[in-house]
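Read the structure below first, then the notes.
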Amino acid sequence: MLDALFPGVAEAGAVGYLTRRLARSSSEERARLRKTGFVLAGAARARYGRAIASLDRPEIDGLVTALREHGGDAATFWFLRSLALEAALAHPIHGGNKNGWGWRLVGAVGDPQPRGFTPLEVATAAPVSRKAAAPARWNAGLVAKGSARTDDADVCVVGLGAAGGVIAAELAEAGLRVIALEAGPSSVRASTDEREFNVGRALFWTETETLVVNDGPPKRGAWLARNIGVGGPLHWTTITYRLHPSDFRVRSEVGAIPGTSLADWPTSYAELEPFYARAEFEIGVAGHAGGNPYEGARSAPFPFAPVPPSRAATLFADAARRLGHTPYPTPAAIATERRGSRSACNLCGRCSHYECLRRAKGNTRDTVLARAARTGRLEIRAGCRAERVSVDPRTGEATGVRYVGPRGRREVTARTVVLATGAAYQARLLLLSASRAHPRGLANSSGLVGRNLMFHTNVMAWGLFDAPMYADRGPQTGTAFDDLDEDRPRTRYGAPFVRGAAVVGGLPLTFAGGPLAFANAAGQTARLPGGVLPWGAGFRDFVASAYSRHFAAFALCEDLPMEENRLELDRTIRLADGGPGLRIHYRYHPNTIAMEEFMVMKVAEVVREAGAREVIAQRSSVPAGMFAGHHMGTARMGKDPLASVADADGRSHDVPNLFLPGSGLFVSSAGVNPTGTIFALAYRTAAAIAKQHGVVNNAALSA
């Protein structure tokens, strides 16, 4: 059966793969495999009156077609296809892909670490021969133990990702005692094994959420990408933009848009610029200052030179330039030269979904937290899930955080509480912290906690080329241009919508390198060329040719805020911490639909101009920003407590010693990735907390 889905996989060791998979599977997965066997057996007898083992190849093909087209059995088809692709293309250590059969078929080198690629191999797409060696594995982590082992702190920080990591480090270095609670582990066993880290999403939380789009049927799944482990972001692509000056004043720029809750930010680019500069230096961002003609004024250059462009990124940039755009190296939190314990990037191409063997990817663990851990004033408690924020009913101030960890249920008491668990789960914790004084949830007198939810929507065009591209080599950052961002589509092209999108191109189809990622996406999240079915000999031949001869371009469309787009508690879901899950309500605004239709044409135009012999363009059926961790607006900042949740420093209007950093504060989503702004806002929040405690921190000095 697997050989019918991807012919040749039997030769590649499908039996060995399935044997090992069964031996290592959880009881839940073994049950799923057994259920799949029952479905296949029943389908074979219903269609042919015989056992599946007695069917010939044409009959098996007919059975596969029936499974794919029959609603209830379609899931079985896709599950079987995933098994076939893993048997063909996953690392041979899993039992399939014998002697690198699948890697040779598609022209992939296999696991790119620890060697990586040279700039010449990346720039010219030169052939590289490799052996199917065992995957490189390493442990990455951080443990910080304060000198005073008590449950009392000056500051309790919940969540040690981009925002929480910065704030915890800054305040510990400023002289405050900090206890940081992190739900994930203190260390991660990492590798560039595609099956484990791309398909298995080993660096992601996979808790269930309910998604409702345009009032359609509820869908269960792990929709919201969230980092797991101390010191994130860990699994990110590293794209690190600043917002443009106009992104802070969208309401003033475009006026009122019916159906939206557009507002200006209570801060400006000029006020935030010193914090952007500080963040870029501390995390380590590579880029070309002045390369983007639309960027705001800078007080300092990028600390690292740009990432060397790939052949695909260069062709994309040349095509964009011929069409009148101004491409520039996408800013990326990647060390392009050695700094301290961080080695320079070796262009291995495994950024999205993966840890970094060389610590070249920017995160808070390997930068600011590593330094703060040496102060003795930072205690990190990993594997600890916050249950609620405690508030003194007499003073109205937060007193600490109750949590469950390896030592049972405990409570940290603190003079200041910082919730930095990401926009979505920050809102969940606020709603779970409801009390008699805060019946709608903590910090929610405005009723806006969880509302004004924004995701970036994403359109894509990808092309097939005659010559090798190897877009999977090198960091997954490519080349960008902003000529279609801010309000330029309307002012230059007369587009029937406001705002726009940054465009980035020269990337793999899935924003993640590797043949297994490519093959899994083809026919599922990515449309196939006409006439190619998502299985069989035609599909195998397509993957063999297209993997090394394609690249994609993406437009990150600005999502306008709408109060009705929201997160709420879903008590039909029970998470591992015993509390309810989240229900996501999202409706597409007509502005978004018009923008996507325009951007599909524009990105396809660039890919076609680059010389693609065939171009496939598409919109996503759901807002793709949720899969990238772009969750924004659920605790929006503002000056008016009736129309916002927090002030420009991230301080809750309702609870003056409760801070809510991260992308939940965003008033608008802009057309660029949010992480650079999350870092900058975190440095601003750290300065405000330090001032509240009567100390001075580095961010305050730099500002």
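Derivation of every value follows stated rules applied to the coordinates shown; laboratory data play no part. Just so it is clear, the model here is predicted, and its values are computed rather than measured. Virtual Cβ from ideal backbone geometry, glycine too; neighbours counted across all protein chains shown.
Each residue of region 670-682 is assigned a 3J(HN,Hα), and the resulting list reads 6, x, 9, 4, x, 5, x, 6, 4, 4, 4, 4, 5 Hz, derived from the Karplus form 6.51 cos²θ - 1.76 cosθ + 1.60 (θ = phi - 60°), x at Gly and Pro.
Note on W138 and F79: their simple-model spin labels are 3.7 nm apart, each label 7 Å out from Cα toward Cβ. Over all pairs of different C-alpha atoms, region 284-408 has a mean inverse distance whose reciprocal, the Kirkwood radius, equals 18.6 Å. Each stretch of four or more DSSP H residues adds -39500 (n - 2.57); spread over every residue of the chain, this sum gives -8500 deg cm²/dmol at 222 nm.
Among the aspartates and glutamates, select those whose C-alpha is under 17 Å from the C-alpha of K361, and discard any that sit fewer than 8 residues away in the same chain. Output for K361: E280, E282, E337, D472. What the Cβ-Cβ distance of Q692 and A576 gives, at R0 = 30 Å and to the nearest 0.05, is a FRET efficiency of 0.30. Once the C-beta distance of K145 and A66 is scaled by a Förster radius of 51 Å, the resulting FRET efficiency is 0.30 to the nearest 0.05. Rounded, prolate or oblate: which fits the chain, taking a ≥ b ≥ c as square roots of the Cα gyration tensor eigenvalues, rounded meaning a/c under 1.5, else prolate when a/b beats b/c? Judged from the Cα gyration tensor, the chain comes out prolate (a/c at least 1.5, a/b above b/c). Backbone amide hydrogens, once placed in the peptide plane, bring A153 within less than 5 Å of T413, A414, R415, excluding anything fewer than 5 places away on its chain. Computed extension length for S54-S435: 130.7 nm, one decimal, from 0.36 nm per residue of separation with the Cα-Cα distance subtracted. Counting 0.36 nm for each residue step from A222 to F38 and taking away their Cα separation leaves a gain of 63.6 nm. Ranking A335, H589, P135 by how far each Cα lies toward the positive end of the dipole of the chain (charges on Cβ) leaves P135 at the top. Applying 0.36 nm per residue to the separation of R104 and L120 and subtracting their alpha-carbon distance, the gain on full extension is 3.6 nm.
When DSSP beta bridges are restricted to pairs lying wholly in the chain, around 70% turn out antiparallel.
Compute the separation of the alpha-carbon centres of region 207-263 and region 529-562 and state it in Å as a whole number. A separation of 24 Å, based on Cα centres. A simple charge model with +1 on the Cβ of Lys and Arg, -1 on the Cβ of Asp and Glu and nothing else charged puts the dipole of region 180-284 at about 240 debye relative to its Cα centre.
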